[in-house]
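Student: There's a structure below that I have some questions on.
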Amino acid sequence: ACTGIENIDEAITLLEQNNWDLVAAINGVIPQENGILQSEYSGETLHGPAYGPASHSTEASSAPSSSSAFRHVVPSRQIVERQPRMLDFRVEYRDRNVDVVLEDSSTVGDIKHILENELQIPASKMLLKGWKTGDVDDSTVLKTLHLPKNNSLYVLTPDLPPPSSSHAGALQESLNQNFMLIITHREVQREYNLNFSGSSTIQEVKRNVYDLTSIPVRHQLWEGWPPSATDDSMTLALSGVTFPCHRLTVGRRSSPVQTREQSEEQCTDVHMVSDSDGDDFEDATEFGVDDGEMFGVASSALRKSPMMPENAENEGDALLQFTAEFSSRYGDCHPVYFIGSLEAAFQEAFYGKARDRKLLAIYLHHDESVLTNVFCSQMLCAESIVSYLSQNFITWAWDMTKEANRARFLTMCTRHFGSVVAQTIRTQKTDQFPLFLIIMGKRSSNEVLNVIQGNTTVDELMMRLMAAMEIFSAQQQEDIKDEDEREARENVKREQDEAYRISLEADRAKREAQEREMAEQFRLEQIRKEQEEEREAIRLSLEQSLPPEPKEESTESVSKLRIRTPSGEFFERRFLASSKLQVVFDFVASKGYPWEEYKLLGTFPRRDVTQLDPNKSLLEVKLYPQETLFLEAKE
């Protein structure tokens, strides 16, 4: 109804291109928010949506179905004039919301430039999230994303520390931050980029500028300090300068008369700068660091305490001091140094499971090298380097400044890597430090993959780390394969052992069950035999206690009883009519039918004789002169 597209396949294709977002698909087909329809003949301008009502779609719908999916249904003989489509963005950053309105021909980078001015955050530090089509880069044109008119995005700044909730926490955080002061020397139109911690004072900044420009502090004329920066003893964190970058301008204060002493002092200042290792500082610019950064860091480093105590007995304690001193000099954004001996670092990096193993990076520091401060502040503390090292390396450090510590490391190096590597490090000159050793653990030895010297750039350092990681990854995959095969063999062996153990247990259980069954059968057989023996003894006793059977020609009254067994057999006997009924019961029991288990029944009338008084005579119970009885087992 909105687009005039009647081809189902075409409609489904558009929906799939927009991840089944109906609004985005329709906006992609009809990008005009308020289209302008102009008559071809009359020149009349018609304002309204870019699609016509259903009554005007008859002619347009007759077009072939293979026409472009981005056609617009308009009244006949009218032409749509394409107007720029405006997009609204609501961008959220922490507790702020920024509204941005742009044409769809703009790029993602244009949004970042607007946000840079609004949020005072460098565009390079921003991660713009919330795109429905996934992550995009700065060159992506908004039109290609098929966005709706209203959009919600949010900004992440993982490279910038989060704000603290309390004032004390915020102050401490500011003191730990590194501020970049971009200082322009007005007379020579030269710019210096100086890094200072938040705890540095304004006086220290001015002294460093004096080292660079030869303008004494008392003759410096500044522009750009915040109004709150009223005292040179104030720290940068409290002065109100903009984080992370702040621009300043310095020039020489005009003086009507310059005394001879001042001129000599100025010349001395210039001579002090020129007497320093100029070649070294010139070389520093080759790897992306200007003179300002070199002087700004080096001048403050001269007053620092040693990175590591000399002749430290415990390597862990020495590494704790190294980490603390490194943080105080270069900030908290630095590699996480392993605290412990070199042997413990080997154990952590190389001797776990193959999937958990990492490369070992050994950082060798030297305070007397002109490259050290630049390498630490610009390369080793770069976010990308820190992140890559933390994910793929165990990083261990040592200070080679003191001769005793140097000799101790060379001894460790000889023991773990061999004399060749130790000799290579021993021949390194002071100005070639700091060194970065990349170690890979192998089955039988430890191999030094790379020795990186201090005169490098961030990109080159990252490339060499990644190259070492590629070599390690190939070796790690082989180790993982070998370990998996070994574990598979061990699992098969364990399964076989377990199956054998279960089989033994089943056989033992079966044997024990058979033994128990045989023992039970034997016990029951014994009981049965004892019961039979007991019954036989009772039967014999009863048989012997029976009175003798009277003869047929006896002068006394005789009762003749015929008894039928449950099996259908009969047995007969004569009894004196005066005999008690108990004698009949004993006779039946002597034949193997005890009256406790069987009952004796009469025929006519049917009666249970065993219920009668056993002390009565046969004559009294009417079993005279003859009677037929039958035995029946009791329930």
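Student: Provide Rg over Rh for the range 558-633; use the alpha carbon set for both Rg and the Kirkwood Rh (inverse mean inverse pair distance).
Tutor: 0.91
Student: Same structure, new question: Taking the Cα centre of the range 470-627 as the origin and placing charges on Cβ (Lys, Arg +1; Asp, Glu -1), which of Asn615, Tyr593, Ala509 is farthest toward the positive end of the dipole?
Tutor: Ranked along the dipole, the leading option is Asn615.
Student: Additional query: Just to check I understand the Karplus step: with θ = phi - 60° and J = 6.51 cos²θ - 1.76 cosθ + 1.60, what whole-Hz values come out for the range 229-237, glycine and proline as x?
Tutor: Once θ is set to phi - 60°, the couplings for the range 229-237 become 7, 9, 10, 5, 7, 6, 6, 5, 5 Hz.
Student: In whole percent, what relative contact order does the range 316-481 give with Cα contacts below 8 Å and a gap of six or more residues?
Tutor: 26
Student: Considering only protein heavy atoms and a probe of 1.4 Å, how much of the accessible area of the range 172-252 is carbon and sulfur, as a whole percent?
Tutor: Here carbon and sulfur together make up 49 percent of the probe-accessible area.
Student: In the range 237-251, which residues have a backbone nitrogen under 13 Å from the label point lying 7 Å from Arg186's Cα in the Cα-to-Cβ direction?
Tutor: Only 248-251 fall inside the zone, counting backbone N under 13 Å.
Student: Something else now. To one decimal place, what orientation-averaged projected area in nm² is obtained for the convex hull of the Cα set of the range 592-635?
Tutor: Approximately 3.4 nm², given one-decimal rounding.
Student: What number do you get for the range 86-156 when its Cα radius of gyration is normalised by 2.2 N^0.38 Å, N = residues?
Tutor: Working it through for the range 86-156, the quotient is 0.98.
Student: Per residue, what accessible area does the range 558-633 have, given a 1.4 Å probe and all protein chains present, in Å²?
Tutor: Accessible area per residue: 54 Å².
Student: A further question follows. Asp332 to Asn117: FRET efficiency via 1/(1 + (r/R0)^6), r the Cβ-Cβ distance, R0 25 Å, to the nearest 0.05?
Tutor: 0.30
Student: Right, something else. Residue by residue through the range 488-502, what is 3J(HN,Hα) from phi via Karplus (6.51 cos²θ - 1.76 cosθ + 1.60, θ = phi - 60°)? Round to whole Hz and write x for glycine and proline.
Tutor: With coefficients 6.51, -1.76 and 1.60, one gets 5, 4, 5, 5, 4, 5, 5, 5, 5, 4, 5, 5, 5, 4, 5 Hz.
Student: Under unit Cβ charges (Lys, Arg +1; Asp, Glu -1), what dipole magnitude, rounded to 20 debye, does the range 490-589 have relative to its Cα centre?
Tutor: Dipole size: approximately 400 debye.
Student: Can you return the aspartates and glutamates within cross-link range of Lys149? Criterion is Cα-Cα under 14 Å, with same-chain partners fewer than 8 residues away left out.
Tutor: Asp21, Glu33, Asp88, Asp99, Glu103, Asp104
Student: Kindly identify the range 456-539 as rounded, prolate or oblate by the Cα gyration tensor criterion: order the square roots of the eigenvalues as a ≥ b ≥ c, call it rounded if a/c is under 1.5, otherwise compare a/b with b/c, prolate if a/b is larger, else oblate.
Tutor: prolate
Student: Just grab the label-to-label distance for Leu540 and Thr414, each label 7 Å out from Cα along the Cβ direction, in nm (one decimal).
Tutor: Here the modelled spin labels are 10.5 nm apart.
Student: In debye, nearest 20: dipole of the range 172-252 around its Cα centre with unit charges on the Cβ of K, R (+) and D, E (-)?
Tutor: With only Lys, Arg, Asp and Glu charged at Cβ, the dipole is about 240 debye.
Student: Also: Distance in nm between label sites at Ala407 and Phe604, each 7 Å beyond Cα in the beta-carbon direction?
Tutor: Computed distance between label sites Ala407 and Phe604 equals 13.6 nm.
Student: Let me ask another. How many nm separate the modelled label positions at Leu160 and Ser105, each set 7 Å beyond the Cα in the direction of the Cβ?
Tutor: Taking the two extended label points, one gets 3.1 nm.
Student: Related question: Can you give me the P(r) profile for the range 316-481? Cα pairs, bins 5 angstrom wide beginning at 0, each as a whole percent.
Tutor: Result returned by the calculation: 2, 9, 18, 23, 22, 17, 7, 2, 0, 0.
Student: When a/c is below 1.5 the answer is rounded, else prolate if a/b is larger than b/c, else oblate, so apply that to the range 303-353 with a ≥ b ≥ c taken from the square roots of the Cα gyration tensor eigenvalues.
Tutor: Because a/c hits 1.5 or more and a/b fails to exceed b/c, the range 303-353 counts as oblate.
Student: In Å², what does the accessible area per residue of the range 316-481 work out to with a 1.4 Å probe?
Tutor: Roughly 42 Å² per residue, with all protein chains present.
Student: Sticking with this one: Please compute the length gained on full extension between Glu460 and Ser254, using 0.36 nm multiplied by the number of residues separating them and subtracting their Cα-Cα distance.
Tutor: Residue separation times 0.36 nm, minus the Cα-Cα distance, leaves 69.6 nm.
Student: Picking from Ile362, Ile439, Leu389, whose Cα lies most toward the positive end of the charge dipole for the range 344-464 (charges on Cβ: Lys, Arg +1; Asp, Glu -1)?
Tutor: The Cα lying farthest towards the positive end belongs to Ile439.
Student: Using 0.36 nm times the number of residues separating Ser305 and Met234, minus their current alpha carbon distance, what extension gain do you get?
Tutor: Extending this stretch completely gives an extra 23.2 nm.
Student: For the charge dipole of the range 172-252, defined by +1 on Lys and Arg C-beta atoms and -1 on Asp and Glu C-beta atoms about the Cα centroid, which residue among Phe179, Met234, Ser214 has the Cα displaced farthest towards the positive pole?
Tutor: Positive-end residue among those listed: Ser214.
Student: Leaving ligands, DNA and RNA out of it, report the carbon-plus-sulfur percent of the accessible area of the range 558-633 at a 1.4 Å probe.
Tutor: 49
Student: Moving to a separate point now. Largest first, how would Glu118, Glu525, Glu313 line up by accessible area (1.4 Å probe)?
Tutor: Glu313, Glu118, Glu525
Student: Just the number please: accessible area per residue for the range 172-252, 1.4 Å probe, all protein chains included, in Å².
Tutor: 45
Student: Okay, moving on. Based on Cβ point charges of +1 for Lys and Arg and -1 for Asp and Glu, what charge dipole magnitude is obtained for the range 558-633 about its Cα centre, in debye rounded to the nearest 20?
Tutor: Charge dipole of the range 558-633: 280 debye, to the nearest 20.
Student: Of all the accessible heavy-atom surface of the range 316-481, with the other protein chains kept in place and a 1.4 Å probe, what percent is carbon and sulfur?
Tutor: C and S atoms contribute 50 percent here.
Student: Calculated FRET efficiency, Leu612 and Glu525, Cβ-Cβ r, R0 45 Å, to nearest 0.05?
Tutor: 0.75
Student: Output the antiparallel fraction of DSSP beta bridges having both residues in the range 86-156, as a percent to the nearest 5.
Tutor: 70
The values are calculated or read from the model by the stated rules, or taken from the named source; none is laboratory data. Just so you know, these numbers come straight off a predicted model, no measurement behind them. Note: ideal-geometry Cβ built from the backbone for every residue, glycine included; neighbour counts use all protein chains shown. We work out accessible area using only protein heavy atoms, side chains counted, and drop any ligands, DNA or RNA first. Shrake-Rupley method; radii C 1.70, N 1.55, O 1.52, S 1.80 Å.
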